[in-house]
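Note sheet for the following structure.
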Amino acid sequence: MSQYYIIDFDSTFTQVEALDELARISLKDHPDRELIYKKIEDLTNASMEGRLSFTDSLEQRVKLLEATRDHLKQLVRHLRKKVSTSFSRNSIFFKNHQDEVLIVSGGFKEFIIPVVSDYHIKKENIYANTFIFDDNDNIVGYDRTNPLSQEGGKVKLLKELNLQGDIFGIGDGYSDFQLKESGMIKKFFAYTENIERKSVTEKADHITPSFDEFLYINRLPRAISYPKNRIKCLIAGNVDEEAIAQMQKEGYNVRQRDSIEEKYLEEAGVLLCAEDVQPTPEEVASAPRLKVIGCFGKVASRKLADTACENGVIIFDDAKYNPRNVDFIPKRVIAFMNEGKTHTSINFPDLQPPRVSNAHRLIHIHENVPGILAKINDVFAQHNINIVGEFLVTNNQIGYVITDVNKGYDTEVLDQLKAIPHTIKFRLLY
């Protein structure tokens, strides 16, 4: 049976509400611009939360815009920079599912088509409103016969399309929930990467903080193997807000504590800590999910660094009060989690592998004993898997192997790699 993916645009495919952003462009010299911005924003939220009909909200917002075709061109340039991060990194999904992905929005084709077309989405699969212009290119209204300009418009459109198959809806607003309420879609996913509306999330089949999460739970191809919103990042001690913001922007499930508490460290995949709030070697050894530590200052002891290494946990640190560490530590941690890069680590051998397209990257950390690489490659040979690139570096304690392989293999391969004797940690990166 066919599957279709109905995706909202504003605050879902993009991080922002386009009409709100258009107002900031078209009214930037208006003396009452702040009051008008606030009114448009309130109208948007009232509609998205189901407190005001979409018809009334749209009509009032368009009247307030005072926008032109030139303003729309500026808006498109702005929106291209505001595509939601997890949508942006999964452009390959849209390329491979061009016939099944539909953008359905109460927004307008004039700014939606140029943005989503960059992601291989077919023009004929983009459903939205259209503006009406006067002879001087001023926006004077919109096509009121379009069902998407009306209350319950997405439901009306879907009835007209009469898609045959399982339909999944992804969006942040009440109009997206109405698709579920109508009984026309199999599941509704409340999208919360950019905004979370309680009136919508409490009625959803599933809350998805990122597009990676949606692809993961539906077992669809994706850019990363495991959604970052499922990886807990523990912030311990006084860590700069800018560093925390980088981890949140990257999509990690961030928890902040004044000190390291065992129950939170046991769940954490990432630890960022102040110099005076470092884990003990024993705590690191007892943290099974921990992959990386970023210390804002110097690591307390060689024993901590060695114990972390023995348990497959990489550490990055930087001199306390060094102005660059606010940016330096998060970037090193993110580069390791995203690409396996170990450069500047204090306890792992140095490796900076290039990113490879159209391949899966596997990381194998093992005790530094002879013959492990041969065993890894033997697993690939048994399953006729082509190796695109392979890198091995070692220190006295561990061997660190990154292997890029062609896609399309049995997941049994991963289990066999994990089961190789002397394996410390194994991870499918992307």
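The values are calculated or read from the model by the stated rules, or taken from the named source; none is laboratory data. The model shown is predicted, which means the values in this text are computed figures rather than measured ones. In this analysis, Cβ positions are derived from the backbone assuming ideal geometry, glycine residues included, and neighbour counts consider all displayed protein chains.
Does residue 383 meet the test of being closer than 19 Å to residue 290 by Cα and either among the β-branched types (Val, Ile, Thr) or not assigned by TED's automatic domain parsing to the domain that holds residue 301 (or both)? Considered against the rule, which asks whether it is closer than 19 Å to residue 290 by Cα and either among the β-branched types (Val, Ile, Thr) or not assigned by TED's automatic domain parsing to the domain that holds residue 301 (or both), residue 383 comes out as no. Any idea which of (1) touching a Pro at 6+ places or on another chain (Cβ under 8 Å); (2) surrounded by fewer than 19 Cβ atoms within 10 Å (Cβ to Cβ); (3) of a type outside the set (Ser, Thr, Tyr); (4) touching a residue at least 40 places away in the same chain (Cβ under 8 Å) is the one residue 266 doesn't satisfy? Result: residue 266 passes all but (4).
Looking across the stretch 210-228, the residues that are buried (at least 19 other Cβ atoms within 10 Å of the Cβ) and not in a helix (DSSP H, G or I) come down to 210, 222, 224, 227. Selection over the stretch 135-163 of residues that are farther than 16 Å from residue 19 by Cβ and β-branched (Val, Ile, Thr) gives a count of 2.
Can you find even one residue in the stretch 397-417 that is β-branched (Val, Ile, Thr) and part of a helix (DSSP H, G or I)? Yes; the residues of the stretch 397-417 include at least one that is β-branched (Val, Ile, Thr) and part of a helix (DSSP H, G or I). Of all the residues in the stretch 33-48, those that are hydroxyl-bearing (Ser, Thr, Tyr) and either free of Cβ contacts under 8 Å to residues at least 24 places away in the same chain or not in a helix (DSSP H, G or I) (or both) number 1. Among residues of the stretch 162-191 being within 21 Å of residue 213 (Cβ to Cβ) and without any contact (Cβ under 8 Å) to a residue 24 or more places away in the chain, the one that is surrounded by the fewest Cβ atoms within 10 Å (Cβ to Cβ) is 186. Residues in the stretch 193-209 that are crowded, with 20+ Cβ neighbours inside 10 Å and of a type in the set (Asp, Glu): 193 only. Condition check for residue 318 on (1) within 23 Å of residue 342 (Cβ to Cβ); (2) at pLDDT 95 or above: one failure, at (2).
Taking the listed residues 194, 146, 125, the one that is of a type outside the set (A, V, I, L, M, F, W, C) and over 17 Å from residue 47 (Cβ atoms) is 125, with no other qualifying. Does the stretch 311-333 include one or more residues that are out of contact with any helix residue (DSSP H, G or I) (no Cβ under 8 Å at 6 or more places or on another chain), farther than 25 Å from residue 240 by Cα and assigned by TED's automatic domain parsing to the domain that holds residue 275? There is at least one residue in the stretch 311-333 that is out of contact with any helix residue (DSSP H, G or I) (no Cβ under 8 Å at 6 or more places or on another chain), farther than 25 Å from residue 240 by Cα and assigned by TED's automatic domain parsing to the domain that holds residue 275. Every listed requirement among (1) under 30 Å from residue 252 (Cα atoms); (2) surrounded by 19 or more Cβ atoms within 10 Å (Cβ to Cβ); (3) in contact (Cβ under 8 Å) with a residue 60 or more places away in the chain is met by residue 3 save one, (2). When residue 279 is tested against (1) assigned to a loop (DSSP other than H, G, I, E, B); (2) loosely packed, with under 14 Cβ neighbours inside 10 Å, only condition (2) is not met. Every condition in (1) in the same structural domain as residue 93 (by TED's automatic domain parsing); (2) among the β-branched types (Val, Ile, Thr); (3) within 16 Å of residue 85 (Cβ to Cβ); (4) at pLDDT 95 or above is met by residue 195 except one, and the failing one is (4). Taken over the stretch 27-74, the criterion of being under 20 Å from residue 112 (Cα atoms), in contact with a helix residue (DSSP H, G or I) (Cβ under 6 Å, 6 or more places away or on another chain) and either acidic (Asp, Glu) or at pLDDT 95 or above (or both) is satisfied by 41, 66, 67, 71, 72, 74. Applying the criterion of being surrounded by 19 or more Cβ atoms within 10 Å (Cβ to Cβ) and in contact with a Gly (Cβ under 9 Å, 6 or more places away or on another chain) to the residues of the stretch 282-315, the residue that is modelled with the lowest pLDDT is 296. Name the single residue, out of those in the stretch 344-397 being among the hydroxyl-bearing types (Ser, Thr, Tyr) and surrounded by fewer than 19 Cβ atoms within 10 Å (Cβ to Cβ), that is modelled with the highest pLDDT. My answer is 394. Counting only residues that are more than 18 Å from residue 16 (Cβ to Cβ), part of a helix (DSSP H, G or I) and free of Cβ contacts under 8 Å to residues at least 24 places away in the same chain, the stretch 106-134 holds 3 of them.
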